Structure formats: C-alpha cells, structure tokens
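Asker: Can you read through this structure? Questions will come right after.
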Amino acid sequence: GCTGSSILSALQDLFSVTWLNRSKVEKQLQVISVLQWVLSFLVLGVACSAILMYIFCTDCWLIAVLYFTWLVFDWNTPKKGGRRSQWVRNWAVWRYFRDYFPIQLVKTHNLLTTRNYIFGYHPHGIMGLGAFCNFSTEATEVSKKFPGIRPYLATLAGNFRMPVLREYLMSGGICPVSRDTIDYLLSKNGSGNAIIIVVGGAAESLSSMPGKNAVTLRNRKGFVKLALRHGADLVPIYSFGENEVYKQVIFEEGSWGRWVQKKFQKYIGFAPCIFHGRGLFSSDTWGLVPYSKPITTVVGEPITIPKLEHPTQQDIDLYHTMYMEALVKLFDKHKTKFGLPETEVLEVN
C-alpha cells in the first residue's frame with residue numbers, strides 16, 4: 001500500500017506543479033495579449049506607414065504600390081461601417097485580454113432589433129479598454145447578450161487614414177466617429193445598429209485617474225442631436241473600473257503641460273497623456289501594461305427618442321437632460337455592487 005500512496009502523492013505533487021506553471025503561463029499570455037493591443041493602439045499606424053514608405057524605396061516597391069492602389073479604392077469603406085470579421089472578433093487573444101482584468105459586460109434591459117441605438121460610453125479612461133473588449137470583440141459575448149444588435153465602436157477618424165491599422169480596426173467593427181458615418185449607419189443600414197460613442201473623448205481622458213468617477217457631458221450634445229435626427233434610442237453605459245487601470249500625471253489648470261494637452265486636443269483631436277501602468281514582467285515596475293483591476297461595463301435602459309428632422313435646441317436640451325439623469329441613476333444603482341461606497345457621487349462636468 002506504501003508504494004501506491006507514494007505514487008499517488010508524487011502524482012499530486014506533479015499535478016500541483018504543472019497547475020502552478022499553467023496558471024503562470026495563462027497570466028503571461030494574458031499580459032502579452034493586453035500589451036499587444038496597447039502597442040497596436042499606440043504605434044501600429046505610424047509603424048506600418050513607415051514600413052510601407054521603406055518598402056516603396058526597395059526592390060519590393062510593387063507591394064507598396066498595390067496596397068496604396070487598394071487604399072484609394074477602399075478609402076470610403078470605414079464610413080459605411082467597414083468590414084467586420086467574426087473570425088477576428090472571436091480570436092482567443094481577446095479572451096486572454098478579458099481575463100487579465102477581468103472585463104465583464106452587464107446587461108440590464110433587452111434591446112429591440114427593430115430600433116437603432118446610440119450607446120454613450122462613460123468614462124473614456126486612458127484608452128477605453130472596456131469599450132474595446134466589450135463591443136469590438138466577442139470576448140464578453142455581446143452578440144449573445146444582445147441578439148440581432150450590431151455594435152459599432154466609434155473612434156477618431158484619423159485612425160482610418162493609417163495603412164494596415166485601418167484594416168485591423170474595421171475587422172473588429174470599429175468605425176470613424178464622423179457625422180457621415182453615423183448618418184449612414186443610422187439611415188442606410190437597416191435596423192439593429194448600435195453605435196458606441198465615448199462621449200467624453202480626449203477631454204475626459206485628461207481627468208482619468210484611479211478613484212475618480214467623473215464624466216465630461218454637460219456641454220456634449222452632438223450625439224443627442226444625431227439621435228433625434230434619426231430617431232435612434234439613447235442608451236447610457238457606465239464602465240466601473242475604467243479609470244483604475246492606469247495612473248496618470250495630472251497637470252494643473254494653467255500649467256504649461258495642460259496648455260500643451262489642450263492645444264493637441266483642439267487641433268489634432270486627442271490629448272497626449274503622461275500615464276503609466278505596470279511592467280511586462282513585474283507589477284512593481286512601471287510600464288505600458290495596464291494594472292489588472294476589474295472593469296465592469298453596465299449597459300443601461302434605452303431612452304426612447306422620437307425622430308425629428310430638425311430638432312430645436314429645446315428638444316436637444318430636454319433629451320440631453322434626460323440622458324444625464326439616466327446615467328447618474330445607472331451609476332447610483334450599481335456603484336455598491338462594484339466596490340464603491342454608497343456615498344460616492346458621479347461628477348458630471
């Protein structure tokens with residue numbers, strides 16, 4: 001009996017070692033999948049432009065010519081909702097990405113496939129990690145939770161002028177946040193479309209820091225006007241934890257750093273943030289990998305919007321106020337479930 005039990009204990013030892021290693025390997029795969037995305041977000045467009053220019057000057061110049069010819073013919077595809085790929089949206093890498101934080105999508109109401117929607121996503125955070133994972137991939141099963149709804153995450157139009165990066169973004173169902181694109185998707189693409197707009201944009205990313213729940217919304221009314229012109233229902237979304245995953249160097253109002261950020265925001269559309277996460281191999285060092293803090297994205301109740309060809313400022317203000325109230329209500333209803341105290345107040349700027 002002695003040998004039997006010793007073999008059993010040896011097997012148990014072996015199993016616990018491989019299990020430990022397995023969880024370590026899983027963790028590393030998660031870190032790599034997140035870093036891959038962060039680097040794509042920051043440098044893929046510029047890097048691919050540079051590589052194509054370089055190829056142009058070598059014997060393989062024909063490849064660059066062919067790609068640029070393709071670009072000319074394909075230039076307007078992003079404006080018509082792009083080319084989503086279910087294969088890319090279902091990549092295993094996104095499941096590792098999801099589990100790293102982890103990221104979760106919470107549904108509170110059913111959405112009718114006979115309507116179109118504008119989802120307002122708050123807060124932006126540094127990179128909108130929750131928005132990407134929940135709506136541009138199937139990692140959190142958005143298509144199963146909202147059957148018949150096609151999500152389009154809207155991002156800066158400039159991203160679609162970058163070679164290769166544009167193909168990557170379109171494959172996830174990402175589109176430019178331009179009026180043409182939104183008009184097209186809400187009027188010429190049937191029903192069941194949901195355009196996700198990160199309403200606070202660059203201005204909101206500048207106030208993103210752990211422990212802060214603040215949204216830039218008071219004077220952002222363009223999305224409400226679009227919703228009214230197309231009769232698309234508005235859906236507020238709050239992503240708990242989006243601000244927790246990076247630490248940012250905040251420049252005070254009036255400082256030169258803030259001045260530079262504001263100028264960038266005004267002329268280029270994004271604000272350069274000085275932020276950091278953890279290192280690739282250790283959570284004690286600084287790096288570009290976000291901290292693994294849970295992000296929970298709660299999709300609220302749709303607000304029914306009438307279709308008004310020419311909405312007045314009064315109409316816009318009315319539905320904008322309703323939207324702000326619905327967002328605050330959504331935040332208050334779910335905050336204690338996701339680790340915030342009952343006293344936490346959503347700051348609406």
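The values are calculated or read from the model by the stated rules, or taken from the named source; none is laboratory data. Here the structure is a predicted model, which is why all the values come from computation and not from measurement. Note: ideal-geometry Cβ built from the backbone for every residue, glycine included; neighbour counts use all protein chains shown. The protein model used for the area step is the full one, side chains on, heavy atoms only, and it has no ligands, DNA or RNA in it. Shrake-Rupley method; radii C 1.70, N 1.55, O 1.52, S 1.80 Å.
Asker: For the stretch 31-346, with all protein chains present and a 1.4 Å probe, just round the carbon and sulfur fraction of the accessible area to a whole percent. Intermediate values should be presented prior to the final figure.
Answerer: Working: 9240 of 15010 Å².
Of all accessible area on the stretch 31-346, carbon and sulfur atoms account for 62 percent.
Asker: State the number of lysine pairs found in the stretch 117-262 whose Cα atoms come within less than 27 Å, restricting to pairs 8 or more positions apart or on distinct chains.
Answerer: 10
Asker: Residue farthest toward the positive end of the dipole of the stretch 31-346, with Cβ of Lys/Arg at +1 and Asp/Glu at -1: which of Phe160, Leu71, Leu39?
Answerer: Leu71
Asker: Related question: Build a GNM of the chain with springs between Cα atoms under 10 Å: which of Val72, Val31, Val245 gets the top mean-square fluctuation?
Answerer: Val72
Asker: Another question about this same structure. About the Cα centre, and with charges only on the beta carbon of Lys, Arg (+1) and Asp, Glu (-1), how big is the dipole of the chain? Nearest 20 debye, please.
Answerer: 480 debye
Asker: Take peptides 324-335, 50-61 and line them up by average Cβ neighbours within 10 Å, highest first, as a rough protection proxy.
Answerer: Details: 324-335: 17.6, 50-61: 11.8.
Order by mean packing, descending: 324-335, 50-61.
Asker: Compare Ser49, Ser207, Ser23 in a GNM of the chain, Cα atoms joined below 10 Å, and give the one with the largest fluctuation.
Answerer: Result for the chain, Cα springs under 10 Å: Ser23 fluctuates most.
Asker: What FRET efficiency comes out for the pair Leu112/Ser85, r = Cβ-Cβ distance, R0 = 35 Å, nearest 0.05?
Answerer: 0.85
Asker: ³J(HN,Hα) across the stretch 274-290 via Karplus (A = 6.51, B = -1.76, C = 1.60, θ = phi - 60°), whole Hz, x for Gly/Pro?
Answerer: 9, 9, 8, x, 9, x, 5, 9, 8, 7, 8, 9, 8, x, 9, 6, x
Asker: Kindly report the accessible area of the chain per residue (heavy atoms of protein chains, probe 1.4 Å, no ligands, DNA or RNA), in Å².
Answerer: About 51 Å² of surface per residue is accessible.
Asker: Give me the number: length gained by fully extending Ser282 to Leu156, i.e. 0.36 nm times residue separation minus the C-alpha to C-alpha distance, one decimal in nm.
Answerer: 42.1 nm
Asker: While we're looking at this one, here's another question. Have a look at Ile274, Ser208, Thr321 and report the one farthest towards the positive end of the charge dipole of the stretch 31-346, computed about the Cα centre with Cβ charges (Lys/Arg +1, Asp/Glu -1).
Answerer: Sorting the options by dipole projection puts first Thr321.
Asker: I've got another one for you. Using only the alpha-carbon atoms of the stretch 42-163, report the extent along each of the three principal axes, biggest first, to the nearest angstrom.
Answerer: 56, 34, 26
Asker: Please find the FRET efficiency linking Lys27 to Ser187, where r is the Cβ-Cβ separation and R0 is fixed at 41 Å, and quote it to the nearest 0.05.
Answerer: 0.35
Asker: While we're looking at this one, here's another question. Name the residues whose placed amide hydrogens come within less than 5 Å of the amide hydrogen of Leu217, ignoring near sequence neighbours (fewer than 5 apart) on the same chain.
Answerer: Amide H neighbours of Leu217, under 5 Å, 5+ apart: Asn349.
Asker: Restricting attention to the stretch 195-231, which trypsin sites (Lys or Arg not before Pro) occupy a DSSP loop and are surrounded by at most 14 other Cβ atoms within 10 Å?
Answerer: Lys212, Arg218
Asker: Amide H neighbours of Thr155 under 5 Å, counting only residues 5+ apart in sequence or on other chains, H built in-plane at 1.01 Å?
Answerer: Under 5 Å from the amide H of Thr155 lie the amide H atoms of Cys175, Val177, each far enough along the sequence or on another chain.
Asker: Which value does Rg/Rh take for the stretch 164-311 over its C-alpha atoms, Rh per Kirkwood?
Answerer: Using Cα coordinates only, the ratio equals 1.01.
Asker: Residue-wise, which Karplus ³J(HN,Hα) couplings in Hz belong to the stretch 165-178, taking 6.51 cos²θ - 1.76 cosθ + 1.60, θ = phi - 60°, and x for glycine or proline?
Answerer: After applying 6.51 cos²θ - 1.76 cosθ + 1.60, I find 4, 4, 5, 4, 4, 4, 5, x, x, 8, 10, x, 8, 10 Hz.
Asker: While we're on this one: Report the residue, chosen from Leu105, Leu39, Leu165, that carries the largest GNM mean-square fluctuation when the chain is represented by alpha-carbon nodes joined by springs under 10 Å.
Answerer: Comparing Leu105, Leu39, Leu165 in the GNM, the peak value goes to Leu39.
Asker: Counting only residues 5 or more places away or on other chains, whose amide H sits under 5 Å from the amide H of Arg150 once H atoms are built in the peptide plane?
Answerer: Asn193, Ala194
Asker: What is the log10 of I(q)/I(0) for the chain, computed with the Debye formula using one identical point scatterer on each Cα and no solvent, at q = 0.07, 0.10, 0.13 Å⁻¹?
Answerer: Summing over Cα pairs of the chain leads to -0.34, -0.66, -1.07.
Asker: Given the stretch 31-346, what percent of its DSSP beta bridges are antiparallel, to the nearest 5? Intermediate results must be reported in sequence, preceding the final value.
Answerer: Working: 10 of 32 bridges.
For the stretch 31-346, the DSSP antiparallel bridge percentage is about 30.
Asker: Short version: ³J(HN,Hα) in whole Hz for each residue of the stretch 210-219, in order, from phi by Karplus 6.51 cos²θ - 1.76 cosθ + 1.60 (θ = phi - 60°), x for Gly and Pro, what are they?
Answerer: Rounded to whole hertz, the list is x, x, 10, 10, 9, 10, 9, 8, 3, 10.
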